[in-house]
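The values are calculated or read from the model by the stated rules, or taken from the named source; none is laboratory data. Only a predicted model underlies this, so the values are computations on that prediction, with no experimental measurement involved. FYI the Cβ positions are ideal-geometry reconstructions off the backbone, even for glycines, and counts take in every protein chain you see.
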Amino acid sequence: MRYGIDDTFWVVTDPRGTTDTLGDICFETSLRGLSQQFAGGLKLTSNPALFTSRGEAELEAEARLLAVRAAKEIERRLVEAEASPVASIVKVYDDEGNELLSAKL
């Protein structure tokens, strides 16, 4: 499939925190719009992924949100229990075993 500069697709990025919503990390844009996103501060460290399907993009975005919230909840419970610091990473994989998100505790 060929994409021109104004043809649209979906982008998913990593959440910045637990208060991010689906709309914060999943958006429809074009190559022109994506260029503006990078000029405005989007970084490759946000792990942007491109999708042709809104449904697939939203599924990945929801998984990324869930992983960040789970990591924060685990961290909160460790602090609450006064557990010794643990170096932990919560990872989310897709059905094919590809890592979608890695959240460090």
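Brief remarks on what is shown
- Residue pairs meeting the criteria (Cβ under 7 Å; at least 6 apart or on separate chains; first under 18 Å from ASP6 (Cα atoms), in the stretch 33-45; second polar (S, T, N, Q)): GLN37/THR29
- Restricting the stretch 38-52 to residues that are in a helix (DSSP H, G or I) and closer than 23 Å to VAL68 by Cβ, the residue that is farthest from the chain's Cα centre (by Cα) is PHE38.
- Residue within the stretch 9-17 that is surrounded by 11 or more Cβ atoms within 10 Å (Cβ to Cβ) and among the basic types (Lys, Arg) present: yes
- Restricting the stretch 1-26 to residues that are of a type in the set (Ser, Thr, Tyr) and more than 8 Å from the chain's Cα centre (by Cα), the residue that is nearest to PHE51 (Cα to Cα) is THR8.
- In the set GLU82, GLU56, only one residue is among the acidic types (Asp, Glu), exposed (fewer than 15 other Cβ atoms within 10 Å of the Cβ) and either at pLDDT 95 or above or under 15 Å from the mean Cα position of the chain (by Cα) (or both); that residue is GLU56.
Okay, residues lined up against (1) closer than 18 Å to GLU99 by Cβ; (2) assigned to a loop (DSSP other than H, G, I, E, B):
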| position | (1), (2) |
| --- | --- |
| MET1 | no, yes |
| PRO15 | yes, yes |
| ASP20 | no, yes |
| ASP24 | no, no |
| GLN36 | no, no |
| GLU60 | yes, no |
